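The structure appears right after this line, and notes come after that.
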């Protein structure tokens, strides 16, 4: 995986900070689309809820939202309605299967494909308003390194990047991680490998990416960004069945290998992140 010039996507270069007191904000993102990022966000929310956390998933993919599809929800009110003043934010917070809350975004909204000052302020206000009400807010971002995605990620204190073992996914994950290190001054990024073929594959992949980062990417401290392996989600036929049924894996097949892996991921997040919150 060779080094390449950083994409010149405009975004804030300020170090990330918590948008408000209250919830621990975790951005779930990816370099490439189609790696199961929204699937992970939704099922991770269910797993954290089972552990007693008050969880909100906010669909931060403002133009190509599909969290509603994964959860088989048909919202009457979306972030678009909140941003345009047609509805209140309270009305946009709805219950999801699994016991957590969601705020869904409208799909195909071209006006949200670029980060305007208005969208920036509205989105930040949503986060600041909701943060005191929850223990965890998962931002299900879009894929890639657009200004909208990077702004969403900048609001989170922690980043969980989802990748698969395919070379294109890993190349794009590296590009995204590099931007987070150089433009947002991230000192560490957490990683989960989805659709892992064998136990240990994800840890090996994370180690390989870490070596590339150590060679080509340094943070302001002069040290390379630390890539933290949070676990693997094994390739599992039950995942496809749950997705086709539009059901959470943790509700549809809670004992399958992928569901157990997501539950373990939730345990690690609760132990390593939430224990240090505040």
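Please go through region 168-186 and pick out each residue that is touching a helix residue (DSSP H, G or I) at 6+ places or on another chain (Cβ under 8 Å) and in a helix (DSSP H, G or I). Reasoning before the result, please.
Looking only at region 168-186, we keep the residues that are touching a helix residue (DSSP H, G or I) at 6+ places or on another chain (Cβ under 8 Å), and these are 170, 173-174, 177-181, 183-184, 186.
Once the filter is applied, which keeps residues that are touching a helix residue (DSSP H, G or I) at 6+ places or on another chain (Cβ under 8 Å) and in a helix (DSSP H, G or I), region 168-186 yields 170, 173, 174, 177, 178, 179, 180, 181, 183.
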Hits in region 77-89 (condition: surrounded by fewer than 24 Cβ atoms within 10 Å (Cβ to Cβ) and under 18 Å from residue 100 (Cα atoms)): 77, 78, 89
Sole exception among (1) out of contact with any strand residue (DSSP E or B) (no Cβ under 6 Å at 6 or more places or on another chain); (2) assigned to a helix (DSSP H, G or I); (3) closer than 18 Å to residue 32 by Cα for residue 206, by number: (1)
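Quick check on this structure: which one of 95, 163 is in contact with a strand residue (DSSP E or B) (Cβ under 7 Å, 6 or more places away or on another chain), within 18 Å of residue 42 (Cβ to Cβ) and surrounded by 17 or more Cβ atoms within 10 Å (Cβ to Cβ)?
163
When you check residue 152 against the structure, is it closer than 17 Å to residue 41 by Cα and touching a strand residue (DSSP E or B) at 6+ places or on another chain (Cβ under 9 Å), yes or no?
Criteria met by residue 152.
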Residue match in region 117-131 (condition: farther than 23 Å from residue 192 by Cβ, in contact with a helix residue (DSSP H, G or I) (Cβ under 8 Å, 6 or more places away or on another chain) and assigned to a loop (DSSP other than H, G, I, E, B)): no
Subset of region 205-227 [modelled with pLDDT of 90 or more and exposed (fewer than 15 other Cβ atoms within 10 Å of the Cβ)]: 207, 208, 211
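The values are calculated or read from the model by the stated rules, or taken from the named source; none is laboratory data. As the structure is a computational prediction, the values presented were derived from the model and not from experiment. Backbone-built Cβ (ideal geometry, glycine too); neighbour counts: all protein chains shown.
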